[in-house]
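This report refers to the structure that appears directly beneath it.
Nothing in this text is a laboratory measurement; each read-out follows from the coordinates by a stated rule. Source: prediction; values computed, not measured. All Cβ positions, glycine included, derive from the backbone under ideal geometry; neighbour counts span all protein chains shown.
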Amino acid sequence: MAKLEKKQEMVAFLAEKLGRSQIVIATDYRGLSAGEVAELRWKLREAGVEYRVVKNTLASFAAAKVGKAGLSEFLRGPTALAFGYEDAVGSAKALIEWQKSRETPLTIKGGLLGERLLTAEEVQSLATLPPREELLAKATGALQAPIYRLLSILSGNLRALIWVLQSRKQALEGG
C-alpha cells in the first residue's frame, strides 16, 4: 500500500509541475553521466527551468490528469522533462545551448507549449527566437508606428496651414 501511495504522490507532484509550466521539453538523457545531468540541472535552474528524470508511466498519468495527454507521445525510453515556468523561449534556448556546448548527446524528443505538441525541430526553432522582452518591444514599435505617421501627417498639414495664414496676414498688413 505504501508503494501505491508513493506513486500517487509522484503523479500529483508531476501533475502540479505540468499544470504550472508554460513549456515542457522531453529529452533522452542516455549517455550523460550523473555529473553532466547535475550540471545541466544547475544551468537550467539559472534560466528558471526545472529538469527531472521521470518514470514514463507516472508522467503519462500526470499528463492525462491535467489535460496534456499528448505529452505521452514522447514518454518512451529513458526520459527527463524540462519544465519551463517563466519564459518558453528562454527555457528552450537554455536547453539547446547546453546541448550544443557538449559532445555527449542529449536528445530532444519533443515538447509541449501550452496545449500544443512540438516536434524536436520546433523546439530547436523556438530556441532561435529573440527574448520575450525584445519581441514585446518590436510589437509595441509596430503598433506605435502608424500612430506616429498619422501624427506627423496631421501636424505637417497644420504647419502648412499656419504658414499660409501667416503669409496671408503679412500680405494684408503690407498692402
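Before moving on, here are some points about what is shown:
- Charge tally around PRO78: other residues with Cβ under 11 Å, Lys/Arg +1 each, Asp/Glu -1 each, net +3.
- Two-site label geometry, ARG149 and LYS55: point separation in nm, points 7 Å out along Cα→Cβ: 6.0 nm
- Overall dimensions of the stretch 2-129 as given by Cα atoms, namely Rg and Dmax in Å: 13.7, 46
- Links that overshoot a 30 Å alpha carbon limit, given the list LYS93/LYS138; LYS100/LYS138; LYS55/LYS100; LYS6/LYS100: LYS6/LYS100
- Once the Cβ-Cβ distance of PHE13 and ALA38 is raised to the sixth power relative to R0 = 22 Å, the FRET efficiency obtained is 0.60.
- Rounded to whole Hz, the Karplus (6.51, -1.76, 1.60) HN-Hα couplings of the stretch 76-86, x for glycine and proline: 9, x, x, 10, 10, 10, 9, 9, x, 9, 9
- Nearest-ten-degree value, helix 56-65 long axis tilted from longest Cα axis of the chain: 50 degrees
- A cut-off under 12 angstrom between Cβ atoms defines the neighbours of GLU39, and their net charge, with Lys, Arg +1 and Asp, Glu -1, is +2.
- Computed from the C-beta positions of TYR85 and GLU5, the FRET efficiency with R₀ = 35 Å rounds to 0.85.
- Principal-axis analysis of the Cα atoms of the chain puts helix 34-46 at an angle of about 30° to the longest axis.
- As a rough guide to protection, the peptides 109-118, 151-160, 94-103 ranked by mean Cβ packing within 10 Å, highest first, stand as 109-118, 94-103, 151-160.
- Residue-wise HN-Hα couplings along the stretch 126-141, as the Karplus relation 6.51 cos²θ - 1.76 cosθ + 1.60 with θ = phi - 60° gives them from phi, are 4, 5, 8, 5, x, x, 4, 4, 5, 5, 5, 5, 5, 5, 4, x Hz; Gly and Pro carry x.
- For VAL66, net neighbour charge (Lys/Arg +1, Asp/Glu -1) across residues whose Cβ lies under 10 Å away: +3
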